[in-house]
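Quick notes on the structure that follows.
The values are calculated or read from the model by the stated rules, or taken from the named source; none is laboratory data. Computed from a predicted structure; not experimentally measured. FYI the Cβ positions are ideal-geometry reconstructions off the backbone, even for glycines, and counts take in every protein chain you see. Calculation scope for accessible area: heavy atoms of the full protein, side chains included, ligands and nucleic acids excluded. Shrake-Rupley method; radii C 1.70, N 1.55, O 1.52, S 1.80 Å.
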Amino acid sequence: MSSVIAYVRVSTDDQTNENQRRAIESRYNVSRWFEEEGVSGSIPASQRPAMGALLAYVREGDTVVVVAIDRRGRNTIDVLTTVETLKAKGVSLVSMREGFDLATPAGEFMLTMLAAVAKLERENIKARQMAGIERARAEGKNLGREKVINDDEVRQWRQANSASIKATAEHFGISTASVKRAFQGSPARPLAAS
């Protein structure tokens, strides 16, 4: 049997979910409420206790109602991920303010638009990351983790002990790939098979 599930959220402790509850109750007979108080919409849905519980609770045929899509979250990618999770479970999502209902053709159109916006957001994030990396390189900054392995020490120990790659990695507590990198470009004897 399908149910109407309501999700309400306010970002700060001095706010209340009461107005959202009234708005939803005026149009829907809600069988289960999931509430977040003092929880920012910038926190991913999977990390919010009530949203996580809602996603675990809903069943095929259920309808999840929110007052507005921003109650679901502020990040388009995160909103889309949750919407797709609900859709995969056969659960409809209704956002009262936007008139968004996955069970309708208009809702499907909204989902398509949401996916396009999320894709654009991902591309913009990627472009900003690449610009930051290029700027850091231009400024001569080292990228990635700081090297903590002394290649000379690894080479010397391995040669002195006639050790395999695996034994050397275990001795230093590093990966076999790190041992191999220690020998790259080195005039030392070539690597024997591990």
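Residues that are charged (D, E, K, R) and open to solvent by 60 Å² or more (accessible area, probe 1.4 Å): which helices (runs of 4 or more DSSP H) entirely in segment 1-114 hold 1 or more of them?
Values: elements: 18-25, 49-57, 69-72, 76-88.
Output list reads 18-25, 76-88.
From the list S46, S40, which one is within 26 Å of the chain's Cα centre (by Cα) and closer than 14 Å to T82 by Cβ?
S46
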message = Restricting to segment 113-154, give me the number of residues that are at pLDDT below 75 and within 30 Å of G61 (Cβ to Cβ).
response = 6
request  = Those residues that are among the acidic types (D, E) and farther than 23 Å from T76 by Cβ, I need them from segment 1-54; list them, please.
outcome  = D13, D14, E18, E25, E35, E37
task = Kindly indicate whether R158 is assigned to a helix (DSSP H, G or I), at pLDDT 85 or above and under 30 Å from I77 (Cβ atoms).
result = no
task = Taking D70 as the residue in question, decide whether it is within 23 Å of E25 (Cα to Cα), among the acidic types (D, E) and modelled with pLDDT under 90.
result = yes
ask   = Does M110 satisfy being modelled with pLDDT under 85 and of a type outside the set (D, E, K, R)?
value = yes
